[in-house]
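Below: the structure, in structure tokens.
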Ligand SMILES: [Zn+2]
């Protein structure tokens, strides 16, 4: 993934629900990693300990990958109204994989038990990182918006992804991420 100024693939900003400190299902989840960080390239990014997101793909009847879970981001969030994938700030000491699965569960109702991790793509700006965790479903399920950061969460066919108004950092990264998802041999970490 190339480095560009601007915000990461998933960068929610605190909104009304966050300020109210609401907790529980349908609410904004907060933890000590939430906050803005400045990387060595001079950008402002969400996540004091970095951030991570889950790009989850499914296979059509055991064949090729045909869709990914995308999140239509709440209008109040940073670059609201765009589409990205579930993710957010890492908690202190939390691995990217654990953080991505936690965010996917909180925001999109994705059960960790339904997910097989494939690998990850690290974007390192120096002092701040974003890890895109690539995964596949182990069983069919319908994702759903499960907190106030999402207007909608849905399976989006691969060919339809670029037709949506995407979060700019995701739009830029998508061709490479799609290539990795469709490369059956890809497992592990890359940059
Ligand atoms: Zn940066």
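See the values below:
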item	result
Alpha carbon convex hull of the stretch 37-101, projected area averaged over orientations, nm²	6.0 nm²
Pair residue 190, residue 116: separation of 7 Å Cα→Cβ label points (nm)	1.9 nm
Ranking of 55, 180 by count of other Cβ atoms within 10 Å, fewest first	180, 55
Point-to-point label distance, residue 98-residue 44, nm (Cα→Cβ direction, 7 Å offset)	3.0 nm
Relative contact order %, the stretch 31-183, counting alpha carbon pairs below 8 Å whose residues are six or more apart	28 percent
Along each principal axis, Cα extent of the stretch 129-191, largest first, Å	33, 30, 27
For the stretch 171-186 and the stretch 93-139, distance of Cα centres in Å	15 Å
Label point distance in nm, residue 61-residue 151, each placed 7 Å from Cα along Cα→Cβ	3.4 nm
Fewest-first ranking of 182, 103, 172, 142, using other Cβ atoms within 10 Å as the exposure measure	142, 182, 172, 103
Taking N as its residue count, the alpha carbon Rg of the stretch 31-183 over 2.2 N^0.38 Å	0.98
Of all DSSP beta bridges in the stretch 31-183, antiparallel share, percent nearest 5	75 percent
Potential extension, residue 163-residue 142 segment - 0.36 nm per residue separation minus Cα distance	5.4 nm
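Throughout, read-outs are computed from the coordinates displayed, never taken from laboratory work. Computed from a predicted structure; not experimentally measured. Quick reminder, even Gly has a Cβ in these numbers, built from the backbone with ideal geometry, and neighbours come from all protein chains shown.
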